[in-house]
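Notes to accompany the following structure.
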Amino acid sequence: MTGAAFAALLARHGFDFFAGVPCSLLEGVIAALERDRRTPWIAAPREDAAVGLAGGAWLGGRRPAVLMQNSGLGTSLNALASFSLMYGLPALLLVTWRGFGGKDAPEHILTGAITPSLLELLGIPHRTLARDAVDAQLAWARSEMAARMSPVALLVPPGVIETARESGAARACAATRVSLGPPTVGAGLTAPATITPVISRREAIAAVVKQLGDEPVIHANGYICRESFSLADRPQNFYMLGSMGLASAIGLGLALARPERRCVVFDGDGNLLMNLGILGAVASLRPPNLVHLVFDNEVYGSTGDQASSSRHLPLDRLARVAGYRTVAPVTGTEEVAAAVRAALGSPGPHFVLAKVTTEGAEVPRIPHAPHAIRDRFRKAVELS
């Protein structure tokens with residue numbers, strides 16, 4: 001089966017959002033997805049980020065698929081366990097089976113041998129894709145996703161999908177898809193003025209919350225969730241209870257799935273540093289409805305205030321290079337509020353870096369169960 005034929009089957013079964021890290025066994029599929037402007041293909045920096053993108057897309061009403069090599073399955077273990085499986089977020093995992101039958105380059109042999117066991121350990125239903133049953137197996141995957149409210153996997157061994165490279169013209173077409181022109185702000189690396197924090201993260205979050213209407217907000221895990229909850233618990237709040245580093249990927253997936261909605265991410269410096277590659281995806285896609293707020297106190301607050309590298313690496317400079325339409329490093333309640341008002345009122349993507357003190361607040365843990373967070377958030381996104 002050609003990659004284009006397989007991509008067409010995916011569309012026929014209702015899959016309409018694709019993210020992943022390329023593998024040569026799926027190059028024809030990815031080339032076909034890149035050419036089809038009806039369904040987004042997102043080249044993720046890592047496989048766990050692709051899992052986050054797919055989760056955000058599902059929350060926005062899409063039926064996502066994640067494409068990865070089986071080595072990337074290892075990279076995705078925590079994202080699958082403490083995000084997709086914990087919340088119950090359906091996605092099709094198309095996992096190429098390098099090292100199948102013990103025949104491959106040395107680096108693939110062990111991973112190939114344990115691939116089915118990894119899926120079984122996670123409790124993810126899986127089948128091995130066969131040439132004479134592709135349509136039936138995609139139907140099975142779609143049905144299992146809906147029934148279980150969970151990811152399912154199809155293992156793709158060599159030889160099932162043709163690996164002959166697409167024509168040069170097709171690759172050029174694919175490249176054009178993400179060539180959106182230069183950023184609208186300068187990408188210089190001139191050092192910004194030093195920002196001295198004067199308010200706590202909770203005070204900064206309070207200033208932001210007052211500017212919100214019905215915008216969905218993806219919250220990074222830890223005290224960002226807890227402080228926001230203590231100020232204003234909203235159905236439009238998706239609280240991350242695990243999977244540190246994924247909030248920005250989830251928010252990007254949601255923004256791409258619901259382009260008519262302004263989507264907001266409450267991120268932290270430690271969270272963003274774990275997933276800096278997502279800035280590359282924002283650079284290539286530049287969704288105008290994304291507002292990315294980072295509350296930067298230069299420490300890992302949940303684990304004892306260990307120093308983060310954001311004190312040496314200005315995150316606003318990285319965002320400027322990545323091509324966010326506006327980048328606003330701010331401190332102080334009025335500055336934070338003004339930056340958020342401006343971001344919510346104009347096309348983005350926007351990046352707001354709120355430098356805050358290390359002061360913490362005594363706040364409760366999130367009392368809602370993961371499935372309750374999922375259901376009320378998705379309903380709020382659908383209704384508005």
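Read-outs throughout are calculated quantities, based only on the coordinates presented, and are distinct from any laboratory measurement. Everything quoted here is computed from the prediction, not taken from an experiment. Cβ coordinates were reconstructed from backbone atoms using ideal geometry, including for glycine residues, and neighbour counts include every protein chain displayed.
For the reader, a short list of remarks on this structure follows.
- DSSP beta bridges fully contained in segment 201-383 are about 10 percent antiparallel.
- Computed from backbone phi with θ = phi - 60° and the Karplus coefficients 6.51, -1.76 and 1.60, the 3J(HN,Hα) list for segment 131-142 is 4, 8, 9, 4, 4, 5, 6, 5, 5, 4, 4, 4 Hz; x is used for glycine and proline.
- Here the contact order of the chain, divided by its residue count and restricted to Cα pairs under 8 Å and six or more residues apart, works out to 19 percent.
- Cα gyration tensor, segment 13-110 - rounded (a/c under 1.5), prolate or oblate: oblate
- Amide H partners (placed H, <5 Å) of D296, local residues excluded: A354, K355, V356
- For K103, K355, order by how many other beta-carbon atoms lie within 10 Å, fewest first: K103, K355
- Within the chain, antiparallel bridges make up roughly 5 percent of the DSSP beta bridges whose residues both belong there.
- Three-way shape label, segment 214-272, alpha-carbon gyration tensor, a/c 1.5: oblate
- Working note: Cα atoms of the chain, range along each principal axis, descending, whole Å: 63, 45, 43.
- Ordering of 364-371, 377-384, 59-66, 199-206 by packing is 59-66, 199-206, 377-384, 364-371, highest average first (other Cβ atoms within 10 Å, averaged per residue).
- Fraction of antiparallel bridges per DSSP, segment 1-98 only, in percent to nearest 5: 0
- Overall form of segment 3-177 per C-alpha gyration tensor (a/c, 1.5; a/b vs b/c): rounded
- Couplings 3J(HN,Hα) for segment 313-329, derived from phi with the Karplus relation 6.51 cos²θ - 1.76 cosθ + 1.60 (θ = phi - 60°), are 10, x, 5, 5, 5, 5, 5, 5, 5, 5, x, 4, 4, 10, 9, 10, x Hz, where x marks Gly and Pro.
- Think of it as helices only: each DSSP H run of n ≥ 4 in the chain is worth -39500 (n - 2.57), and spread over all residues that comes to -12000 deg cm²/dmol at 222 nm.
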